[in-house]
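For reference, the structure is listed below as structure tokens.
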Amino acid sequence: MESSLLRQTIQVSTKRRRDDKYVPDKYVPMKKRDAQKAQKMFLFYLHHYWVLCSFCVRKPYNAGRFEIDLETVTAKKFISVFPCCRIMSFFRSEPMSLCQILLHSESAFNCLVELGYLGVVQFRNIYDETAVPNNLYNVEIQRCHDLQRIIAHLQDEIEDFKINVMFYPDVDEDEVPKAIDLRDMETQLLEVYDELTDVERNCESLRRTRNHLYEHMKVIIKADEFLTGERNTEPVMAWTSSIIMDLVHDEMKSKAQPQDKFQLSFFTGTIPPLRFTAFETMVWRITRGNYFIKHEEITFPQEAGRKSSQLVRKYVFMLYFLGSSIREKLTKVCQGFGIKLFECPEGTADRRLALQNIDQDIKYLDRILEQTENHRFRILLIAGVDVYIWKIKLKKMLMVYYVLNRMKRVRHLQKSKYLQAECWIPTAEVGKVRRALMRGAQQSAKDSQDNMFPPMVTEMRKKYLRDEDKPTHFRLNRFTRGFQNLIDAYGIAAYRELNPAPYTIITFPFLFAVMFGDVGHGVIMASFGFWMVIKEKRLIEQNRRDPNPSEIWTIMFAGRYIIALMGLDPARPDNYLGDPYYFGMDPVWDISGEHAITTFNSLKMKLAIILGVTQMMFGLILSAWDNYGGHIAAPYNSACAPSILITFINMLLLKSNEVPPECNDWMFSGQDVVQIVLLVFALTSIPILLAGRPLYVIMQKKRIIRAKSAALRRSRTRSTLTTARRTLVYNVELSQSRLSMGGKKEKEDPTEDITELWIHSGIHCIESVLGSVSHTASYLRLWALSLAHDQLSSVLWNMVLKIGLAGGRGYLDSVIIYGLFAFWAILTLAILVIMEGLSAFLHTLRLHWVEFQSKFYAGSGEAFMPFKFPPSTMSVDTFRDRLEHPTLDFLLSTRTG
């Protein structure tokens, strides 16, 4: 029995003509001999091309024997099984199908969860502001938002206690959300939240009581100082109650007033300093000046939280007054000014006893508060085990409920229990979507023990569906994603537009190496890039676990393959002297003085123009595709090298080159003829660019009008009514369908008006002519940056490291070299590798965006943004409801219901 890795079916689609009609998708059996031939061709293709394809799609390969039944394998299934056939989807975007999904409301949640994990479905008109919600899931969405606020509060408390949240790397696979999880999660979270809230209220009440006791203790201490005069450095009379009363009695005797009507009273309390003046004025008016007050400023800490305290500045005062009736008035005044009044015993022994009691109460409260905080810590420690799982599951559930709330209800069908939505699906993934929806429906049937309506996915054939409405999706992996990000930063490719990313993989590192131009610095950069590639899995896991990932490091790690290739691209072998020198330039030029600069300038300038013209010509070839050995003899000397700019100017002016007598007039024989031919070709291209497209559109319109007139003439020449009707139906419908297709194309064409089309062609012609000159000159940046990097390297060598090597001071030079090498290495890494590398990267990016991609790439498409659950991480954004999925930014800012 032969082992087989694949047993699928191939559907051979043919079209047989029956009665002047096409019958598509008929199944035609194949002979066994033809099947064997096809099997051998398939094995030959697989063995010879899998290495290249597997590098782009990262799929394992088993070179065993295959057994294929060619009568039943479909082409779509063949593409889905063998990813090497999908490699062309990187050159052009994936074919998209507009589908309609029909779900039962009881199984819709689990079905969308499966689609979220699959990540190949983009819902249409779901996230628009004009979308009308069905309001079936408003309660669930509100419950999710409430639970999110609870989790955010728990997260803040956990961070306050410095508790490490438990991270589960397999949470996406192990904790798949279900519809019943919201109820269970709500029960658990509310239980934890209520218990934690009660503990927090108790802690806050205990802190307020402790602050009040501490302030009371400060007041008694100050009052004791007022009455005993302990803080006075000079002998003074202590203002005790008896002394003050005797003074009042003496005053009353002098005024001949009855002493029985007067009773001495006092208040002690604290007041903010800014209110003391106004308070004293009010007391003076109420008592008519019959009062005595003494105050002093104090500063004491007050606890505002578990680890936070603030210094409070207040006045402690002691107020004496006469009369019990005035006491009530002064009490109301104290309440109005926000004054805290405290009891203060009159006797010294009583005050000492009160201080001891207050101190014991404070220590008792501290013990209770510590126990309460420990209980609070235990609650948060238990919650920290599951808070990460709750957060991730709740985020996914909120995504699902939001989409469900925006799907349309199917009226008059079992009380509107069915939901439908239009979506974009890659054509090759429609089968996977159907299987994912069936898994979700089966899971719902297991949970409810009822028979569920199977979900339906129907491909829609809309008559006026334009390619501009379809999203763009490329199949990417870790290697190609970085280069695709460079292209997407310029603009998203239109649907089925040619993708510049495959060509950028080759040209970007090469042009960077031309401008960077140093093997040693390239080795440093390549080593860093390959280190990130080799440690890729470990670094990805570290990034997932890092709560505060560095943005710069994230960007660099995303472009690790680009950095590796930029440093790996080899130096250019130059054969300028006639004999090959396979590693860089001949060192003799470095000691030739000023002739080295002249030679390097001439060589690099010419090579920059050659590379620029080559890349731009390749771009023009792609634009056309998208729309429809030996050594030369050595020159006499470096002065004979022609100037590229002077040569082009003379070419346009039809002048001959002025060269020294000992040099050749032309670089090669027949150069003058080639220049004239190229100039004539360039001049004749201008009218083609200007009038080519308008004339073509005019001819097409005339052909459509002639076809329409011919169809109408044939319909009028029928003899009988029956024949006329039959022929009219066939011919007119056919002509109208063709005309409608032509009219549709004209409707889609933004340049339907001939005048507007001429204007667009004129602008495009002027832009192409001027761009051919400016873009060619722009490639001189290859020469400029290469020369600058070379000169900076020479300056660091001659002005820093060479000082120690050519010092001639014996053993002292070893010490000098040690210090100079460190300084030289720092400058090399900081300036030549990092700064020059960044400069060369930006210039290379500009050459690809402006000079290369402008020839064939519009970048006016819409990105394919599927409904997908992002990988879970420990970053702060995950815990702050800043979700990674781009469609959820609108979700978080919109509250339905």
If you go through SER854, SER814, the only one that is assigned to a helix (DSSP H, G or I), at pLDDT below 85, assigned by the TED database to the domain that holds ASN499 and under 28 Å from GLY559 (Cα atoms) is SER854
What are the residues in the stretch 462-491 that are closer than 21 Å to PHE618 by Cα and surrounded by fewer than 18 Cβ atoms within 10 Å (Cβ to Cβ), if any? ASP488, TYR490, GLY491
Quick one: which residue in ILE368, ILE389, ILE379 is under 29 Å from the mean Cα position of the chain (by Cα) and open to solvent by 10 Å² or more (accessible area, probe 1.4 Å)? ILE389
Is it fair to say ALA304 is under 23 Å from PHE266 (Cα atoms) and either assigned by the TED database to the domain that holds VAL219 or touching a strand residue (DSSP E or B) at 6+ places or on another chain (Cβ under 7 Å) (or both)? no
Of the residues that make up the stretch 753-776, is at least one outside any helix (DSSP H, G or I) and at pLDDT below 80? yes
For the stretch 487-548, which helices (runs of 4 or more DSSP H) that fit wholly inside it have 1 or more residues that are among the hydroxyl-bearing types (Ser, Thr, Tyr) and at pLDDT 90 or above? 501-516, 519-534
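Quick grid of which residues meet (1) surrounded by 17 or more Cβ atoms within 10 Å (Cβ to Cβ); (2) modelled with pLDDT of 90 or more:
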| residue | (1), (2) |
| --- | --- |
| ARG183 | no, yes |
| GLN188 | no, yes |
| TYR193 | yes, yes |
| LEU206 | yes, yes |
| MET217 | yes, yes |
| ILE221 | no, no |
| MET237 | no, no |
| HIS249 | no, no |
| LYS253 | no, no |
Taking the condition over 23 Å from the mean Cα position of the chain (by Cα), within 30 Å of PRO426 (Cα to Cα) and modelled with pLDDT under 90, does ALA108 pass? no
Would you say ASN125 is among the polar types (S, T, N, Q), under 30 Å from VAL430 (Cα atoms) and surrounded by 14 or more Cβ atoms within 10 Å (Cβ to Cβ)? no
Could you list, in sequence order, all residues of the stretch 144-162 that are touching a helix residue (DSSP H, G or I) at 6+ places or on another chain (Cβ under 6 Å) and more than 13 Å from TYR193 (Cα to Cα)? CYS144, PHE161
Residue under evaluation ARG439, criteria (1) in a loop (DSSP other than H, G, I, E, B); (2) touching an Asp or Glu at 6+ places or on another chain (Cβ under 9 Å), criterion not met: (1)
Condition check: modelled with pLDDT under 90, assigned by the TED database to the domain that holds THR130, open to solvent by 60 Å² or more (accessible area, probe 1.4 Å) and within 34 Å of the chain's Cα centre (by Cα). Does LYS415 satisfy that? no
For the stretch 173-188, what are the residues that are among the charged types (D, E, K, R) and out of contact with any helix residue (DSSP H, G or I) (no Cβ under 7 Å at 6 or more places or on another chain)? GLU173, ASP174, ARG183, ASP184
Flagged in the stretch 167-205 as in a helix (DSSP H, G or I), hydrophobic (A, V, I, L, M, F, W, C) and under 32 Å from the mean Cα position of the chain (by Cα), in numbering order, are VAL171, LEU182, MET185, LEU189
Here the residues within the stretch 330-351 that are surrounded by 12 or more Cβ atoms within 10 Å (Cβ to Cβ) and basic (Lys, Arg) are LYS340, ARG351
Do the conditions hold for SER709, that is, is it over 51 Å from the mean Cα position of the chain (by Cα), surrounded by 15 or more Cβ atoms within 10 Å (Cβ to Cβ) and modelled with pLDDT of 65 or more? no
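The values are calculated or read from the model by the stated rules, or taken from the named source; none is laboratory data. Remember, predicted model here, so these are calculated numbers, not experimental data. Don't worry about glycine lacking a Cβ; one is built from the backbone with ideal geometry, like all the others, and counts go over all protein chains shown. Side chains are part of the model used for accessible areas, which takes the heavy atoms of the whole protein and leaves out ligands, DNA and RNA. Shrake-Rupley method; radii C 1.70, N 1.55, O 1.52, S 1.80 Å.
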